[in-house]
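Asker: Sending over a structure as structure tokens; questions will come in a sec.
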Amino acid sequence: MADLQDVPNLSMKHLRTVVTLARFGSFVAAASYLRMSQPGVSRIVQQAEARLGIKLFARGTRSVSQTEAGREFIPAAERLLGEFLQQAQKARSLDGEMRGQLIIASLMSISHRVLPAALVAFRKKHPKIHVQIREGLTSAVAEDVASGIADFGIGNALGLAEGIVAEALVNEPCYVVMPKRHRLAGLPAVSLKDIGDAPMISMPSDAGLRRTLDMAANDRGVVFNHSIITNQFGSLFDFVARGLGVAIVPASALPEGGSAIAVKPLRPAITRRIGILRLADKSLAPASQAFLEIFQPKFLAAARGRRAG
């Protein structure tokens, strides 16, 4: 057994700061993530190096890289932090209530309706968990997961970067929404050619679903008339209801019944593949697992169970 007097006097703060700097490769980015000053991050890293008796990082003018000693030590520090977090969460749950923070990166379409419903149920069961939602487009969700900012993401499961895995996959269909008196409202289903050059309310051009729809339209010789661009689904449905155009949206974003818009299936069907995104080398924490147990059934019901009308 090792002599405890030989163990370097490093705190969790030292380990977390060193691991964060290694992950971002930049004092500026690490300081922003840790909500510390840049000199503060530098000071803590220097303390860790002095107490270990080794240099963990080679400093450059704009970035830092790990030394050979750093590449040996930092994976062990990550494991220690992970094990400490898991044990701390287990200890906190002994009184029957989870505590801590949960950070979720989500596509805006999913955070529009399904995510709030899941959060209501989650808050009732775990009122002492603080939740942060980071809404964004496909690329932003993947970046939040890859950087470790988010505990997990809810996003597009295709084209993921190395190190990110997708679980609980579902193919979610798209629907066409329009004012109830629109010329397309009488059709049982709507095709891309039916839409033609009608004014459309659309998401930004860098949204994953927008790119999929534009490519599908181009394959059929259709050029969409994206007359209004918005990045908020609440605004999109309001614009449609006011007669400003039609829109194509995923099933999970559709409003509840009784809306002032008509909803029609898109034929042939166009789907997107949605999954729970996480780092391949990091298991989900108990708080994440507890939330997903509530969220997944709600999302599956919203993605698969919609009737047009």
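The values are calculated or read from the model by the stated rules, or taken from the named source; none is laboratory data. Model, not experiment: these values are computed from the prediction. Quick reminder, even Gly has a Cβ in these numbers, built from the backbone with ideal geometry, and neighbours come from all protein chains shown. Accessible surface areas use protein heavy atoms only, side chains included; no ligands, DNA or RNA. Shrake-Rupley method; radii C 1.70, N 1.55, O 1.52, S 1.80 Å.
Asker: Taking Ala260, is it exposed (fewer than 14 other Cβ atoms within 10 Å of the Cβ), of a type in the set (A, V, I, L, M), over 30 Å from Gln87 (Cα atoms) and in contact with a helix residue (DSSP H, G or I) (Cβ under 6 Å, 6 or more places away or on another chain)?
Answerer: Yes; evaluated as a whole, the condition is true for this residue.
Asker: Among the candidates Ala77, Ala48, which residue alone is in contact (Cβ under 8 Å) with a residue 24 or more places away in the chain, assigned to a helix (DSSP H, G or I) and more than 30 Å from the chain's Cα centre (by Cα)?
Answerer: Unique residue meeting the criteria: Ala48.
Asker: Something else now. In region 276-302, how many are buried (at least 18 other Cβ atoms within 10 Å of the Cβ) and without any contact (Cβ under 8 Å) to a residue 12 or more places away in the chain?
Answerer: Residues that pass the stated criteria total 0.
Asker: Regarding Arg273, is this residue under 24 Å from Ala301 (Cβ atoms), of a type in the set (Lys, Arg) and open to solvent by 60 Å² or more (accessible area, probe 1.4 Å)?
Answerer: The answer is yes for Arg273.
Asker: Report yes if some residue within region 156-179 is assigned to a loop (DSSP other than H, G, I, E, B), small (Gly, Ala, Ser) and in contact with a helix residue (DSSP H, G or I) (Cβ under 7 Å, 6 or more places away or on another chain); otherwise report no.
Answerer: Checked region 156-179: at least one residue is assigned to a loop (DSSP other than H, G, I, E, B), small (Gly, Ala, Ser) and in contact with a helix residue (DSSP H, G or I) (Cβ under 7 Å, 6 or more places away or on another chain).
Asker: Still on this structure: Among the residues of region 115-131, how many are under 14 Å from the mean Cα position of the chain (by Cα) and closer than 18 Å to Leu254 by Cα?
Answerer: Within region 115-131, residues that are under 14 Å from the mean Cα position of the chain (by Cα) and closer than 18 Å to Leu254 by Cα number 1.
Asker: Cβ contacts < 6 Å: first residue closer than 22 Å to Thr212 by Cβ and modelled with pLDDT of 95 or more, restricted to region 239-259; second residue part of a loop (DSSP other than H, G, I, E, B) and open to solvent by less than 20 Å² (accessible area, probe 1.4 Å), any location; separation 6+ or different chain. Result?
Answerer: Filtered contacts from region 239-259: Val246/Ala198.
Asker: Within region 245-294, how many residues turn out to be within 17 Å of Ala142 (Cβ to Cβ), of a type outside the set (Gly, Ala, Ser) and assigned to a strand (DSSP E or B)?
Answerer: Within region 245-294, residues that are within 17 Å of Ala142 (Cβ to Cβ), of a type outside the set (Gly, Ala, Ser) and assigned to a strand (DSSP E or B) number 7.
Asker: Tell me which residues, restricted to region 211-240, are assigned to a helix (DSSP H, G or I), surrounded by 15 or more Cβ atoms within 10 Å (Cβ to Cβ) and under 24 Å from the mean Cα position of the chain (by Cα).
Answerer: Thr212, Leu213, Asp214, Phe233, Leu236, Phe237
Asker: With the requirement that a residue be of a type in the set (Ser, Thr, Tyr) and at pLDDT 90 or above, what does region 84-129 give you?
Answerer: Result: Ser106, single match.
Asker: So, one more: Suppose we filter region 112-127 for residues that are out of contact with any Ser or Thr (no Cβ under 8 Å at 6 or more places or on another chain), open to solvent by less than 20 Å² (accessible area, probe 1.4 Å) and closer than 16 Å to Glu256 by Cβ; how many remain?
Answerer: Looking only at that region, the number is 1.
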